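Read the structure below first, then the notes.
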Amino acid sequence: MKNEETAGPLAGVKVVDITSVFMGPSATQMLADLGADVIKVESPNGDSTRGIGPCGDEKLGPLFLGLNRNKRSLVLDLKTPAGKEALLRLVEDADVLAYNVRPQAMQRLGLDYESISAINPRLVYVGMFGFSQRGRYAPQAAFDDLIQAATGLPLAVSLGAGDIPRYLPITIADRSVGLYAFGVICAALYSQARTGKGQRVDVPMFETMVPYVMGDHLYGETFVPSKGGFGYPRLLSPERRPYKTKDGYVCCLIYHDHHWRTFLKVIGKPELYDADPRFSNITTRTAHITELYGMVSDEMTKRTTEEWRALLKEADIPVFPMHTFESLLDDPHLRDIGFFSESDHPTVGRIREMAVPSEWHGTPPVNRRHAPRLGEHSREILREAGYDDAAIDRLIASGVSKEGGPAELRPMETDNG
């Protein structure tokens, strides 16, 4: 069995992480989950997500816990010369520096790519922020809600449903851009390993999310001149939703030719497939999708969820009951694989965690560390950067740094849920 300090495919990769909130921390947690040593550099006040929700008064709220496991926390006030000097020491032998403030802020701090790469030419310097620096929106701040609106997501959610535009109730832009940034960082590390050189990589939110939306909805405007306007009708249909049954809701995706032929047999109307031109092929079905989905919706109310599951599964039509948050937590498949587990956090007690979703059979990652207390590893990391105890004491006494708990790693006790 691999030592828990070195497990995972990214073992040995050092990441200096000065990101906060959702987008950046989600990317760096993926790196940490796969074995990278992620040093989370926080201001003396800490990442703002520490204060959200239960246990926020202990600076270990649920959102923070879910985005920052397997990381070490170092407090540095980067607006002070001593704090900046400490960061630059960390960068000297780092593989990655990740940030998610605007580049202009990094420039003001003297942490721009030109300055940093002069210290470590191998460094992968990755910024996650609102907009490409080549366009007029370059200096603007951005948040998840703003990027959802900027890419038309609220309109897509409500279009055809007679509703006002609404944001998706998940941080879809932050987490999607974080996921993309994770892949970009891994690709840049591959280039670094081949060439021995680092580089600056920008991951702008707006430009990352536009293909998410327009990949589906550019549609007829893909052609010049246009062949039908914007919007993939199947996705925008108000009837595209979980279907109400006698006792709940179910999802079934009737999509391919054989799906529709079989479904019509199941409901006792097989003749429609050949007699009704709307069913002829995927093009005609898409053109009439709201009517066809409406018919499916009417049929679904005639049986229970379990009845539909049995019938459609036998007919090889994808089907799944709609979960609630509560039932998802108790999903039998997730229980089979131990996806949700419980462990004892030394500060907030028993917590529930989710597994790394990828499954590695050669270099399996492990949960090595709980989400850290603010400054929990400050002293440990500063020692690694070459500071002696007296110098660390001065940094802490001056407020440049802060220590928030014992530096040594506490082994995790984990029970699969």
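Among P204, P225, which is outside the structural domain of E114 (by TED's automatic domain parsing) and at pLDDT 95 or above?
Values: P204 fails: outside the structural domain of E114 (by TED's automatic domain parsing).
Testing whether each residue is outside the structural domain of E114 (by TED's automatic domain parsing) and at pLDDT 95 or above leaves just P225.
From L253, L218, L236, L264, which residue is surrounded by 15 or more Cβ atoms within 10 Å (Cβ to Cβ) and touching a Pro at 6+ places or on another chain (Cβ under 6 Å)? Outline the logic, then answer.
Numbers: L253 fails: surrounded by 15 or more Cβ atoms within 10 Å (Cβ to Cβ); L218 fails: touching a Pro at 6+ places or on another chain (Cβ under 6 Å); L236 fails: touching a Pro at 6+ places or on another chain (Cβ under 6 Å).
Only one candidate passes the filter, namely L264.
Scanning the stretch 302-332 for residues that are assigned to a helix (DSSP H, G or I) and in contact with a helix residue (DSSP H, G or I) (Cβ under 9 Å, 6 or more places away or on another chain), which turns out surrounded by the most Cβ atoms within 10 Å (Cβ to Cβ)?
Going through the stretch 302-332, the residues assigned to a helix (DSSP H, G or I) turn out to be 305-314, 325-329, 332.
So of that shortlist, the ones also in contact with a helix residue (DSSP H, G or I) (Cβ under 9 Å, 6 or more places away or on another chain) come out as 308, 311-312, 314, 328.
Details: W308: 23, L311: 17, L312: 21, E314: 10, L328: 11.
Taking the candidates together, the pick is W308.
Looking at G152, G248, G178, which is the one that is over 25 Å from V356 (Cβ atoms), outside the structural domain of R285 (by TED's automatic domain parsing) and surrounded by 14 or more Cβ atoms within 10 Å (Cβ to Cβ)?
G152
So which residues in the stretch 337-351 are part of a strand (DSSP E or B) and on the phi < 0 side of the Ramachandran plot, if there are any at all?
F340, S341, E342, S343, D344, H345, R350, I351, listed by residue number.
Of all residues in the stretch 47-91 being of a type in the set (K, R) and closer than 21 Å to R369 by Cα, which is surrounded by the most Cβ atoms within 10 Å (Cβ to Cβ)? Show your work before the answer.
Quick first cut of the stretch 47-91, residues of a type in the set (K, R) only: 50, 59, 69, 71-72, 79, 84, 89.
Then keep just the ones that are closer than 21 Å to R369 by Cα; that gives 50, 59, 69, 71-72.
Numbers: R50: 25, K59: 20, R69: 24, K71: 27, R72: 22.
Going through the qualifying residues, I end up with K71.
Give the stretch 158-182 a look and list any residue that's part of a helix (DSSP H, G or I) and in contact with a helix residue (DSSP H, G or I) (Cβ under 9 Å, 6 or more places away or on another chain), or say none.
Pass one, the stretch 158-182, residues part of a helix (DSSP H, G or I): 158, 172-182.
Passing the criteria: I172, A173, D174, R175, S176, V177, G178, L179, Y180, A181, F182.
What is the number of the single condition among (1) surrounded by 18 or more Cβ atoms within 10 Å (Cβ to Cβ); (2) at negative phi; (3) not assigned by TED's automatic domain parsing to the domain that holds M128 that P9 does not meet?
In the conditions (1) surrounded by 18 or more Cβ atoms within 10 Å (Cβ to Cβ); (2) at negative phi; (3) not assigned by TED's automatic domain parsing to the domain that holds M128, P9 misses (1) alone.
Looking at G66, G35, G53, which one is in a loop (DSSP other than H, G, I, E, B) and closer than 22 Å to V126 by Cβ?
Answer to the check: G35.
Taking into account only those residues within the stretch 92-108 that are of a type in the set (D, E, K, R) and assigned to a loop (DSSP other than H, G, I, E, B), which is surrounded by the fewest Cβ atoms within 10 Å (Cβ to Cβ)? Even if it seems obvious, please write down each step before you answer.
Quick first cut of the stretch 92-108, residues of a type in the set (D, E, K, R) only: 92-93, 95, 102, 108.
Pick out the ones that are also assigned to a loop (DSSP other than H, G, I, E, B) and you get 92-93, 95, 102.
Numbers: E92: 11, D93: 14, D95: 23, R102: 19.
Among those residues, the one meeting the criterion is E92.
Which is surrounded by fewer than 16 Cβ atoms within 10 Å (Cβ to Cβ) and within 30 Å of P54 (Cα to Cα), of G386, G399, G362, G375?
G399
Among the residues of the stretch 267-285, how many are surrounded by fewer than 13 Cβ atoms within 10 Å (Cβ to Cβ) and of a type in the set (D, E)?
Count: 2.
Looking at (1) under 21 Å from the mean Cα position of the chain (by Cα); (2) touching a residue at least 60 places away in the same chain (Cβ under 8 Å); (3) more than 29 Å from T363 (Cβ to Cβ), which is the only condition G8 fails?
Just one mismatch for G8, condition (3).
The values are calculated or read from the model by the stated rules, or taken from the named source; none is laboratory data. Predicted model only: the values in this text are computed from it and were never measured. In this analysis, Cβ positions are derived from the backbone assuming ideal geometry, glycine residues included, and neighbour counts consider all displayed protein chains.
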